[in-house]
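Below you'll find the structure, written out as structure tokens, and then a few comments.
The numbers here are math on the coordinates, done by the rules we state, and not lab data. Owing to the predicted nature of the structure, the values given are computational and were not obtained by experimental measurement. Cβ: placed from backbone, ideal geometry, glycine included. Neighbour counts: every protein chain shown.
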Amino acid sequence: MTIEQQRKSRGKIRKISGIFTLLFISGLMTIFLLLAEPNEAELSTFNLNASAADSLTLIYNQVNASAFPKIVSLVTVMNAAGFVVGKLDENNFEVHEDGVRELPIEVIELTNDSMGIDVVLIIDRSGSMNGQPMSDEKTAAMTFTDLMQQNDQSAIVSFSSTSRLDCPFTSNKDSLRTAISYLKASGETAIFTALVFTADLIKANLANLKNRAIILMTDADDDFDEDYYSYQDALNALLPLEVIVFTIGLNLEPNGVGEQMLIDLASQTGGRYYYSPTSKDLEAIYAAISKLLHHRYQISYSTHNPAKDGTLRHVQIDVFKNSNTSRDTANYRAPYEPDPEDPVDPDTVKPAEPEFEVLPNPFTPNDDGINDWTEFKQGDVIHQDWNIAIMDRAGQLIKQLRNGETIWDGRNKSGQLMFPGSYLYIVSKDNQVIQRGLIQLIR
């Protein structure tokens, strides 16, 4: 479909936006009512009775091993409507490290996050936002600014054909509001450049940003012909930064290229996609995301493996409520401390084993005959006893390789090609983990 055809199609969709608005109006009224009554007693929790709202999504925000062997994790739990789920305790969570369940665990609900959050608001100022959409977008961004807490800081990045930093990271709400108020709509929509620009901003301030998040709102696909970057470029720039991305699609074509990109971006980074049928709905969505970012669970345990061996450990946290469940994963590296009571005897030193490799990484399974698969290898030996598990970011098993099978073609066990992104692999032998890491699938 050409850009002109996409624009015509988008125009048709907008003509029937009133229908979508009617379908969403009852849900949005609920959002405004709930947001109008926040207080500490309610723990910022939204109690929706619909079965769809009962489903859970767990986001693994951070794992901290600085007090090893005590491991401290921060997670967020939300329902299908995108609202935080509160009043959970030790009975609602399970923690596994390298496949071993950790007990006991301690769960503390944090509703006034003293550590603060570091958020970049990426604001679409392209020509299609001119008029009421731009006005409503500014109002929504200012509402988010007003909801910032004492230790929060935000930055403002806006984009059209080009991207610019309108306000650097600051906790000064007046500076943020002033920067937002000066925004004017014009130009095309270069979303991918804006994302790479924001990734560079975060990278430059990484040492001072502990709880990183992005909120990206747009009303269009990336329609700028001269955009130097691709979606994969943007994703590759963001993933190493461990930043959560929340995306908002304003009246986008349902299941269109633009909406699918926003959905995938949020999924790949542990965030969430919100559909906004009209610009009037943006303020409620921004307020809901603020609630989400300021509500977390701190989950602590002492690892079953206190060895200071420098190994990379894989942590999986599951949440359970009313027969619904969700999980997410993270990694930490144990500290390394050589044992002075166990000196190395040069007569017993064994030759170094061949280095473990996953090549190529990243790989591109697009059937062009170049880097269409990746191989797990250690020297030239085929390890018949290896068990290789490949999982997505949520810890769901994608593919399992056994009996000397060491090549992954980017497909799941049903033969379907997976989306571009990062995938975790765990190589084990006799139920002992011998290697783990990440594979980048790009197309």
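The ranking of S158, S414 by Cβ neighbour count inside 10 Å, starting from the fewest, reads S414, S158. Taking every DSSP beta bridge that has both ends in segment 346-441, the antiparallel portion is near 95%. For K399, K280, the sequence from fewest to most other C-beta atoms within 10 Å is K280, K399. With both labels modelled 7 Å from their Cα along Cα-to-Cβ, the V257 to N403 distance reads 4.3 nm.
Compute the Rg/Rh shape ratio of segment 346-441: radius of gyration over Kirkwood radius, all on alpha-carbon atoms. Could the numbers behind the result be given before it?
Values: Rg = 14.4 Å, Rh = 14.2 Å.
Checking Rg against Rh, the ratio lands at 1.01.
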